[in-house]
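Please read the structure below before turning to the comments.
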Amino acid sequence: MESGLGRSSETSLKASSSMASNTSRNTDLDQQGGHFNSMDQSCFARPSQSFPAFSPLFGVQSSSLYLPDDNEAKIGNQFEPNPSLNNPTVDWDPQVMLSNLSFLEQKIKQVKDIVQSMSSRESQVAGGSSEVQAKQQLVTADLTCIIIQLISTAGSLLPSMKNPLLSSNPAVRHLSNTLGSPMAFGSSCNQRPSSNNDATIPDITKTPDYEELMNSLNSTTQGESDELMKCQNPCGGEGSEPIPMEDHDVKESDDGGEGENLPPGSYVVLQLEKEEILAPHTHFCLICGKGFKRDANLRMHMRGHGDEYKTPAALAKPSKDSSSEPAPVTRYSCPYVGCKRNKEHRKFQPLKTILCVKNHYKRSHCDKSYTCSRCNTKKFSVIADLKTHEKHCGRDKWLCSCGTTFSRKDKLFGHVALFQGHTPALPMDDVKVTGASEQSQDSEAMNNMVGSIVYNFPGSSSDDIPNLDMKMADDTRYFSPLCIDPCFGGLDDFTRPGFDISENPFSFLPSGSCSFEQQNGDS
Amino acid sequence: MSEEVQRYGGGGGGVGALSLDLLGQVLDRVREPRDRKACRLVSRAFARAEAAHRRALRVLRREPLPRLLRTFPALERLDLSACASLDDASLAAALAGADLAGIRRVCLARANGVGWRGLDALVAACPKLEAVDLSHCVGAGDREVAAVAAATGLRELSLEKCLGVTDMGLAKVVVGCPKLEKLSLKWCREISDIGIDLLSKKCPELRSLDISYLKVGNESLRSISSLEKLEELAMVCCSCIDDDGLELLSKGSNSLQSVDVSRSDHVTSQGLASLIDGHNFLQKLNAADCLHEMGQRFLTNLAKLKETLTVLRLDGLEVSASVLQAIGEGCNNLVEISLSKCNGVTDEGISSLVARCSHLRVIDLTCCHLLTDNALDSIAENCKMVECLRLESCSSISEKGLEQIAICCPNLKEIDLTDCRVNDAALQHLAKCSELLILKLGLCSSVSDKGLAFISSNCGKLIELDLYRCTSVTNDALAALANGCKKIKMLNLCYCNKITDSGLGHLGSLEELTNLELRCLVRITGIGISSVAIGCKNLIELDLKRCYSIDDAGLWALARYALNLRQLTISYCQVTGLGLCHLLSSLRCLQDVKMVHLSWVSIEGFEMALRAACGRLKKLKMLSGLKSVLSPELLQLLQAFGCRIRWVNKPLVYKD
């Protein structure tokens, strides 16, 4: 069921049908909304990179929405870094809390203003539906922002939570999921300067049908927001591939991002925090908080919470508009400072997907906690790597003369083809070497070889002689019937040739295979 | 010439005055090994000269090997393929005492007893080794091949039917011997695309490659196409190779001269056409038993090879007269064409083919049932140079057609008339071909002593004669043959049941005879066998199956005289354990014995006889009932020495 859903969503992605990448959009938004704070961080930390992407958005936004009734100052203000928001993950600090609350207050006021202006305009002129829509959209976005900020603020009260947003509060995650509001709006509201100290929590979050409301809002503004996103990312045409589902079962061979040469600034850089990366689940039940890897599973789970979740609409995969445009090119940064995948690195190479981030972080910066149960030596930090290894562990080792081992023959042959003078090592090569160097001492080993190699009874399988005992050949007496069998002494002299040249022990195998060995070593 | 030299050498003193160098020059001009032997037997000077000059040596027994290697220090070619009971120990011992610095080529074909230690010693002793033949050493595997790989100067290697060789062994060879020019991997079924890929990367000098019967696919051909000097490629019965592979092959350098895709049943004429596109200097193309129809594109492309193509084999293909005409017009320089078992070959087709191909020397028309004398007439008229004509089962031809051939084609060396119902008159005409070497008359029951008398009187060079089931042939024919055709090496008299001991008595004068098949000659006895064994010193193979009158006396004679006998069939003969024991213990070269339904031999007889010959036997055919009663120890011993036993299970039926 799960995989079926995943696959269908994938195919729809490829076909870019009307259903196109709703799930992926969800995850995408989930990622963006979820990593809201880090997003902010990146915006402020690398203004040169993120602002070019964002400022056009504000241009559009302000011209269409704010100009009629609002001041220019807001637009100017957006570029001013807000110190209080710069560091949202620091330990609880009353100052920060205060600024957060004041921000919230201001935000709510803004929303109120917009709604007011909408209602007044509605009474005056009936036309301008597009304007109304745009305003609705803005309201939606602002509300989302408020909710997230609120929860974030509340979460930071808990001392153990360093990053309250994702790991501590599943509701937010899911909220952002279902809201599906574009990232740009969230960030834009976050950047508003805060001045008011009154903290008012909007009661809208408490209404039970909030989600439905949001959904409806969302659906009406979807097209608009996508258009805005398009403006936001004018140079993202080539990199507009849909971001795969986070919990897709594809195992990334490398950490992604290699080989694609996106010019810096042509993509948005997101940096997830360590906790987010290591969080096992990404979809959380709003009601009971249970986590899921897949949205589809969450929807199935939601049925248990009441009949309203059993409607086909609620169960159906949230569909995406056919006219939707691809998401902005987003790349990820590893939170580990000093890593090449960290955006601070001089030769920063971004990671392509969330999955890449997860695998990269686990492989590079985490303990290898999964040990292969067969060889007990190989350790892995990504369980998929362990599973891949276990498929091959214990198989024949392909050995090169240089001592390198390979799990596959073609890899060994590729290696041999590459390096001059390297040859594949046959399984018995080491024994041969010892036999040649320390002849007499290793006579035991050589005797074994007589049994196992030289007289390996080539036809034994076809002639099915039962239980052909190889050890028989080890025993030198085994050859005795050939040499000293008295029956033939009179009949013929067939053994005599052996004695004719018996001054040389080579000629007479039964006189001891070890003596042959010694001679061989001497010669 | 030989007698002259012999007489001269026999004088002694005169020859001894000549320098070794001159004597060596003389010996070089003595072609026949027998004559050379006579020279060195009668004159010490010649013996010394030969010792100093001899380049090639073929050893038949293991015992004299050390002495021989010491005697001939200038040896370059050493053939141990027929050396009975050669094993690691004896080979290493022989090599230890000799100076083999000059040895370049060693043949160890079918030397099942030689393993990696013997090969190690061989390679170490022969620093200039250039060619090694390990074909049919079925027990040879990666270790043996790895031992050979130590010969870094190796240029030629045959691993045909070395069943144990895998990619690993091949990798050893290609890394160890980068100068390899000729390699046969035929029947090495364990080798895969990976190995072939490595081969083509590591051995750029390769000129000839045989990958017949391998399970490799098109990827191998992709790798092979990178071999820039490859001239000869055989891929018989490679069923994983198809047209796409040939397409890949055609992308390589335009160097191929000979391609064999026979019995590769996924190859079609399309693939061959694209192959010709890429390689337009092809000289030999063997597409026997792989094509189902003749594509137009293939025909057009064949015409592109007009200048170069000399050998074309299309066995088993449906060909019409127009196709043959197109081939004839397109490929004027054909020297050899094979249309064996081709449906639709008619007189008309043959005449339009040969009309333009006047250089044809070998024409194989086996089982082209529609052909009549007209076809032979047109061949005779156009192809004066023809040397080999295979007409088996062309039952509509008669003496008239053969008369034309005999008149017009004086170079005829080989003709196969098996099952053609020719008569004595035809043989009378054929007798005009005095160059005839091979004559096959199997199943021609109307051939009689009279016809063979014509042959005997004129075809003195004959080396092979097949009279299988020529039931009219009697002792008189053998008398005539023994008189006229002294050079005969191979003679098949199976089921010519009028032949008796006196006939075999005549055969005794054929000193060159090596292969003699006397199957189901119920009248011959030990006396006849004795005269053959005494007279035919070179006898290597003898088939006495169902010669019901042969008893121990025959075996005693063989044991006493047929010292070179290597292959013997005595199934259904009335021999006893004693005779068998004596035979097997005496004949040092005997390697292959078929002894099914020797109902007079006891289990103990078999046991003792086999023990006596244990180290020498390489192939045995026996009743499967014996498997359980012979001691397992003996069977293990046989296998340990590289002997393969074929157990058969068939009822005892006496046929006449």
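Of note:
- For B:T525, distant residues with modelled amide H under 5 Å away: B:D501
- Residue-averaged beta-carbon neighbours from other chains (10 angstrom radius) around B:117-130: 2
- Measuring spread by the Cα atoms of region B:317-464 yields a radius of gyration and Dmax of 14.4, 45 Å.
- Given R0 = 30 Å, the distance between the Cβ atoms of A:E390 and A:S364 translates into a calculated FRET efficiency of 0.90.
- Calculation over all alpha carbon pairs of region B:597-645 in 10 angstrom steps from 0 returns a P(r) of 26, 63, 11 percent.
- Working note: Karplus 6.51/-1.76/1.60 with θ = phi - 60° gives region A:282-299 the couplings 10, 10, 10, 6, 5, 8, 9, x, 5, x, 9, 7, 10, 5, 4, 5, 5, 4 Hz, where Gly and Pro are set to x.
- In this structure the amide hydrogen of A:V268, modeled in the peptide plane, comes within under 5 Å of the amide hydrogens of A:V329, A:T330, A:R331, none closer than 5 places in sequence on its chain.
- In a DSSP loop and with at most 11 other Cβ atoms within 10 Å, the chymotrypsin sites (Phe, Trp or Tyr not before Pro) in region B:548-656 are B:Y654.
- With R₀ fixed at 25 Å, the C-beta to C-beta distance from B:T300 to B:N343 puts the FRET efficiency at about 0.65.
- Shielding by partners for peptide A:402-409, expressed as the average number of C-beta atoms from other protein chains within 10 Å of each residue's C-beta, is 1.
- Its alpha carbons considered, chain B gives a radius of gyration followed by a Dmax of 26.7, 73 Å.
- B:V629-A:K411 pseudo-label distance in nm [points 7 Å out on the Cα-to-Cβ vector]: 5.7
- Note, ³J(HN,Hα) from phi for region B:108-114, Karplus 6.51, -1.76, 1.60, rounded to Hz, x at Gly and Pro: 10, 4, 6, 7, 5, x, 8
- Backbone N within region B:85-124 under 20 Å of label point (7 Å from B:R55 Cα along the Cβ vector): B:99-108
- Per-residue ³J(HN,Hα) for region A:109-117, Karplus 6.51 cos²θ - 1.76 cosθ + 1.60, θ = phi - 60°, Hz, x for Gly and Pro: 4, 3, 4, 4, 4, 4, 4, 4, 4
- Each helix, a run of at least 4 DSSP H residues, gives -39500 (n - 2.57); summed and divided by the residues of chain B, these come to -11000 deg cm²/dmol at 222 nm.
- Counts of other chain beta carbons within 10 angstrom of each beta carbon in peptide B:502-509 average 0.
- Using a cut-off of 18 Å between Cα atoms, the listed pairs B:K284/B:K304; B:K440/B:K487; B:K384/B:K432; B:K201/B:K251 include none that exceed that distance.
- Across every direction, the projection of the convex hull enclosing the Cα atoms of region B:38-94 has a mean area of 4.0 nm².
- The peptide list B:133-145, A:286-298, put in order of mean Cβ contacts within 10 Å with the highest first, becomes B:133-145, A:286-298.
- Label-point separation in nm, B:E318 to B:R189, each point 7 Å along Cα→Cβ: 3.2
- Taken as Cα centroids, region B:500-537 and region B:93-112 sit 36 Å apart, rounded to the nearest whole angstrom.
- Amide hydrogen proximity for B:L623: with H placed 1.01 Å from N in the peptide plane, the residues at 5 or more positions away or on another chain lying under 5 Å are B:H597, B:V648.
- Distance from region B:279-318 to region B:115-148 (C-alpha centre basis), Å: 38
Every read-out reported here was derived from the displayed coordinates using simple, explicitly stated rules and does not represent laboratory data. Since the model is a prediction, treat every value here as computed from it, not as a measurement. Positions of Cβ are generated from backbone atoms using ideal geometry, with glycine treated the same way; all protein chains shown enter the neighbour counts.
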